[in-house]
Every structure is written in structure tokens, then in C-alpha cells.
Amino acid sequence: MSFKIGFIGAGNMGRAIASGLVAKGICAPADLRCVSASGKGAEIMAQKTGGSVAASKRELIENSDVVILAFKPQHLETITKEEANALAGKLVISVLAGRTLESMQAVAPDAANLVRVMPNTPSQIGKGVSTYCFSKDPSAQEKETVEAILSSLGTAYEVAEEQLHIATVINGCGPAFYFRIVQLLGEAAEKRGLDKTLAMKLAAETAIGSMELFNASGRDPQDLIDEVVSPNGVTHALLTSLDRNGFPQIMDTSAGDAVSRSVELSQSK
Ligand SMILES: NC(=O)c1ccc[n+]([C@@H]2O[C@H](COP(=O)([O-])OP(=O)(O)OC[C@H]3O[C@@H](n4cnc5c(N)ncnc54)[C@H](OP(=O)(O)O)[C@@H]3O)[C@@H](O)[C@H]2O)c1
């Protein structure tokens, strides 16, 4: 598979995708072009990947099969009519948080297909999880191209657009949630006399190992929990305290609040 890819916006997320594409051999450096607002991000992307900086957005679009929108969500409407015309027949992939397929359609009505992606920050090291949806049923080639591009970030799962709000809370916000757990366990350990840095390492490595076990075993989380708990033991005390202090309700309410915020943000754009 070979395609020419153009990045509009070349910041953290754009560079993570571009670096992954080249590192995994999904795209040859000669087929990768980019453009950014000041040119700064594009220069860095070109240096990192061996790709080149396009003279303008229009020139980049005209010379690309796939166009990735990787600028801030509020800049979607800066795409001009001329650029929109150039997007006709192209596969357009957006990582713009909260921007719906409908709002993309308004900007690029004649694109061959539009893809809305929610990536996450571990994408920077190729360990991300993305969720995505198409504006219309993709051709086999479009599907293959999108899957190849997203595989450069880690794993990817297609969901219906209305489910993206829920998925966003899990894969998009998820890294912040897990970092917060590591931070809080570090603080709790430090208060009780264990070095905070060591405690955070123990927490992170335990999380990685546990999740790898979960994925490899295909077992239910409760089954794996039961393997750790013994009656009236330490884990039992921990889990009982979490339940007594409302952890399940906190998880449910917090996830619900975040889903509501995602819906609210997508409606305000
Ligand atoms: N970072 C994440 O973890 C993450 C996760 C999920 C989704 N996203 C989404 O990814 C997108 C990019 O985020 P980021 O973190 O990569 O942002 P960023 O680091 O601030 O980079 C933004 C890039 O967009 C360029 N730019 C600004 N205005 C532009 C315009 N009008 N036209 C074309 N390019 C423009 C900037 O140009 P210069 O370099 O020249 O200044 C820069 O290269 C956002 O929409 C965000 O919602 C990010």
C-alpha cells in the first residue's frame, strides 16, 4: 500500500502520527508533507521524519491522497473555500477533539470520506489506543488506509460516532486518570514513609503488569481480582475500604460528568 499523506498542523499529535508512520514503514518520508501556522511545527516534523514542508495548505492538499487535520479544534473553520475545493475526493482524517463529522462535512463537503479520530497521549511512544468513525461506509481501500495510519499510534477501534463521547472518556481522558492514580498512590505511600518516586514506579509497573495479564489471559476482571484477595487479608481491606468510601459511585458519576462535558463541548462548536 502506498499513499501520499499531508499534515495540516504539526504539533504534538501530528508529529506523533507522522513519526509512527515513518518509523513503522507505513509511509515513505518522500510521501509525507506538512504545513503549520507559523511554519515552526512543520519544520520540526520535516526534520524528524525526513518529509517536506509544503508551500501552502492548498499545495499540500493537491499533492496528497490522505489529509490529516492535526491543528486545534477551534481552527477548523480557517479552512478556506479554495482549500475545501482541493479536498474534494480526498480521504480526510481529523484528530480535532470534539469536532463532529457534521462540522467536518460543512468544511469539506466533497471529501471522499471523513474520519474522526480520538487518539491518546501514549501514541507518542506507539502505545496509544484510538477510537474512530467514518462519515460514510468506507471502501475496502479507505478502511485499510485508516487502519494502517492508526496502527502507527498503537491499536485502534471503530465505534459509532454517538459512542465516541463514552469512548473518549475511557481512551482519550484515560491516561490522565491512570496518572492521577499513580500520583495519589505515591502521595499515600509517602505519607506513610515510603519514598514517593519508588512508590510511583511500583504503582506504574504494577498497573502495566496487571493490564498485560488481563489482556493476555482474556479473563474477567473479577476473576483476576479473586486471585489476589484472601478472606480478611490486606487486599480485602483495601477493596472493602474503596467500596465503603464510595469508589464505584465516584467512578460512575465522574465518567458520567465527563461524557456530559464531551457532549456539551461538541454542541458548542
Ligand atoms: N495532544 C494530545 O494528547 C491530543 C489527544 C487527542 C486529540 N488531540 C487533538 O490533536 C490536535 C492537535 O493537538 P496538539 O496537541 O498537537 O496541538 P499543538 O501541539 O498545539 O499543535 C498545533 C499545530 O497546529 C498548527 N496550527 C495552528 N493554527 C493552525 C491553522 N489555522 N492552520 C493550520 N495549522 C495550524 C500549529 O502550527 P505551528 O507549529 O506553526 O505553531 C501546530 O503545528 C487538537 O485538535 C487536539 O484536540 C490531541
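The values are calculated or read from the model by the stated rules, or taken from the named source; none is laboratory data. Quick caveat: nothing in here was measured; it's all calculated off a predicted structure. Ideal geometry is used to build each Cβ from the backbone, glycine not excepted, and the neighbour counts take in all protein chains shown. We work out accessible area using only protein heavy atoms, side chains counted, and drop any ligands, DNA or RNA first. Shrake-Rupley method; radii C 1.70, N 1.55, O 1.52, S 1.80 Å.
Would you grab the residues whose amide H sits under 5 Å from the one on Asn120? Only those 5+ places off in sequence or on another chain, please, with H modelled 1.01 Å from N.
Placed amide hydrogens put Val129 under 5 Å from Asn120.
Compare Glu43, Glu205, Glu144 in a GNM of the chain, Cα atoms joined below 10 Å, and give the one with the largest fluctuation.
Maximum among the listed residues: Glu205.
Using only the alpha-carbon atoms, how far is helix 140-151 inclined from the longest principal axis of the chain? Give it as 0 to 90 degrees, nearest 10.
With both axes taken from Cα atoms, the answer is about 50 degrees.
How large is ³J(HN,Hα) for each residue in the stretch 254-268, as worked out from phi by the Karplus curve 6.51 cos²θ - 1.76 cosθ + 1.60 (θ = phi - 60°), to whole Hz, x for Gly and Pro?
Here the 3J(HN,Hα) series is 5, 4, x, 4, 5, 4, 4, 5, 5, 4, 4, 5, 5, 7, 7 Hz.
With springs only between Cα atoms under 10 Å, which of Glu162, Glu147, Glu212 fluctuates most in a Gaussian network model of the chain?
In this elastic network of the chain, the residue with the biggest mean-square fluctuation among Glu162, Glu147, Glu212 is Glu212.
Once phi is turned into θ = phi - 60°, what whole-Hz ³J(HN,Hα) does the Karplus curve with 6.51, -1.76 and 1.60 give for every residue of the stretch 59-70, x standing for Gly and Pro?
Once rounded to whole Hz, the list reads 5, 4, 4, 4, 9, 10, 8, 10, 10, 9, 8, 9.
Among the listed pairs Lys48/Lys127; Lys48/Lys143; Lys24/Lys127; Lys48/Lys201; Lys57/Lys90; Lys40/Lys143, which have their C-alpha atoms separated by more than 21 angstrom in this model?
Checking Cα-Cα distances, Lys48/Lys143; Lys48/Lys201; Lys40/Lys143 exceed 21 Å.
Calculate the dipole size of the stretch 65-152 relative to its Cα centre from +1 charges on Lys and Arg beta carbons and -1 charges on Asp and Glu beta carbons; express the result in debye to the nearest 20.
300 debye
Under a 1.4 Å probe, what is the accessible area of the stretch 5-164 per residue, stated in Å²?
On a per-residue basis, the stretch 5-164 sits at 44 Å².
Take the cross-link list Lys72/Lys191; Lys4/Lys72; Lys81/Lys136 and give me the ones stretching past 28 Å between alpha-carbons.
The pairs that break the limit, which is 28 Å between Cα atoms, are Lys72/Lys191.
What are the residues whose amide H is under 5 Å from the amide H of Phe7, where those residues sit 5 or more places off or on another chain and H is modelled from the backbone?
Those qualifying (amide H under 5 Å, at least 5 residues apart or on another chain) are Arg33, Cys34, Val35, Ile68.
Starting from the Cα of Lys196, draw a straight line to each of the aspartates and glutamates and keep only those under 12 Å, dropping any in the same chain fewer than 8 residues away.
Within reach: Glu187.
So what does Thr206 come to for accessible area, using a 1.4 Å probe and Å² rounded to 10?
It works out to around 80 Å².
How large is the dipole of the chain about the Cα centre if only Lys and Arg carry +1 and Asp and Glu carry -1, each at its Cβ, rounded to the nearest 20 debye?
The calculation lands at about 860 debye.
Among Ala18, Ala148, Val115, which residue has its Cα positioned farthest towards the positive end of the charge dipole of the stretch 5-164, with +1 placed on the Cβ of Lys and Arg, -1 on the Cβ of Asp and Glu, and the dipole taken about the Cα centre?
In the stretch 5-164, that residue is Ala18.
Using a 1.4 angstrom probe on the protein heavy atoms only, could you order Met251, Met1 from most to least accessible area?
Met1, Met251
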